[in-house]
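Peer 1: Pasting a structure below so you can have a look.
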Amino acid sequence: MEKVPDKTIDQMFHTWSDEDDDRRFGRTTLGPDGHPVGHIIAKDCTAPDHNATMTILIGPYYQNHGYGSLAMKLGIKLAAEQLGEKTITLKAWSFNLRARHMYESLGFKETGRAEHAVERGGHWFDEVVYEAPVSMLLERIAAEESARAEGEKLEEQRFEAERQSDRIARR
């Protein structure tokens, strides 16, 4: 089998993943160095229920650095603004504790399970289904952004006050 050049693989990935229309979207997330960190997709977005199924993938070297939460927040905003979704559904394997914790921390609730859905290392694991209303997710994101902005403002004021007191008086 002939090796496909990296540039061709990148182009194929972006062509496949960065789809946009009124029923789905895909976004590749890039890190500070410009390299792909992961990907988020919303699909199955159809009226009348307006329930998007979202999938997220973050590369192993980028996990535990907040990229997943940032990508999910972007996906939630896009699902609301671009697709007009009312509910978002996510799925995770029961062994994927990081993903499950992130989903729950964003406000998603477990709504179902498919038992013994996948085998890994000789053990069977469930597929866990999460759902949340988009309006609630957006409210939580807005509150978090507001609290972060307020905290940054207070930190800036504290830093400026300390800088004033650190000045040495001339004799």
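Peer 1: Does anyone have the angle between helix 67-81 and the longest principal axis of the chain? Alpha-carbon axes, 0 to 90°, nearest 10?
Peer 2: Tilt of helix 67-81: around 70 degrees.
Peer 1: Same structure, new question: Report the rotationally averaged projected area of segment 1-148 based on its alpha-carbon convex hull, in square nanometres.
Peer 2: It is 11.1 nm².
Peer 1: Same structure again: Expected output is a single nm value to one decimal: the length gained when fully extending between Glu162 and Asp33, i.e. 0.36 nm times separation in residues minus the C-alpha distance. What is it?
Peer 2: On the way: separation 129, 0.36 × 129 = 46.44 nm, distance 3.33 nm.
Length gained, Glu162 through Asp33: 43.1 nm.
Peer 1: A further question follows. Once the Cα atoms of helix 6-17 and of the chain are each reduced to a long axis, what angle between those two axes, in degrees from 0 to 90 to the nearest 10, is obtained?
Peer 2: 80
Peer 1: In whole percent, what relative contact order does the chain give with Cα contacts below 8 Å and a gap of six or more residues? Mind dumping the intermediate values first?
Peer 2: Working: 224 pairs, mean separation 23.7, N = 171.
Reported as a whole number, the value is 14 percent.
Peer 1: To the nearest 0.05, how large is the calculated FRET efficiency for Glu144 and His116 if R₀ is 35 Å and r is the Cβ-Cβ distance?
Peer 2: Working: r = 36 Å, r/R0 = 1.03.
Between Glu144 and His116 the formula returns 0.45.
Peer 1: Based on a Kirkwood Rh over C-alpha pairs, give the Stokes-Einstein translational diffusion coefficient of segment 77-134 at 37 °C and viscosity 0.692 mPa s in µm²/s.
Peer 2: Answer from the Stokes-Einstein relation: 268 µm²/s.
Peer 1: What does the charge count near Ala114 come to, summing +1 for each Lys or Arg and -1 for each Asp or Glu among other residues with Cβ under 15 Å from its Cβ? Each step should come with its number before you reach the end.
Peer 2: Numbers: positive: Lys91, Arg100, Arg113, Arg120; negative: Glu110, Glu115, Glu119, Asp126, Glu127, Glu131.
Here the count lands on -2.
Peer 1: By how many degrees, 0 to 90 and rounded to 10, does the Cα axis of helix 134-165 deviate from the longest principal axis of the chain?
Peer 2: Helix 134-165 sits roughly 20 degrees off the main axis of the chain.
Peer 1: Starting from the Cα of Asp126, move 7 Å in the Cα-to-Cβ direction to define the label point; list residues of segment 93-108 whose amide nitrogen is under 13 Å from there.
Peer 2: Under 13 Å, as judged by backbone N against the label point of Asp126, lie 93-96 of segment 93-108.
Peer 1: List every residue whose amide H lies under 5 Å from the amide H of Ala117, counting only residues 5 or more places away in sequence or on a different chain, with H placed 1.01 Å from N in the peptide plane.
Peer 2: Phe125, Asp126, Glu127
None of the figures in this text is laboratory data; all of them are computed from the coordinates on show. Keep in mind it's a predicted model, so treat the numbers as computed, not measured. Every residue, glycine among them, receives a Cβ derived from its backbone with ideal geometry; neighbour counts consider all protein chains shown.
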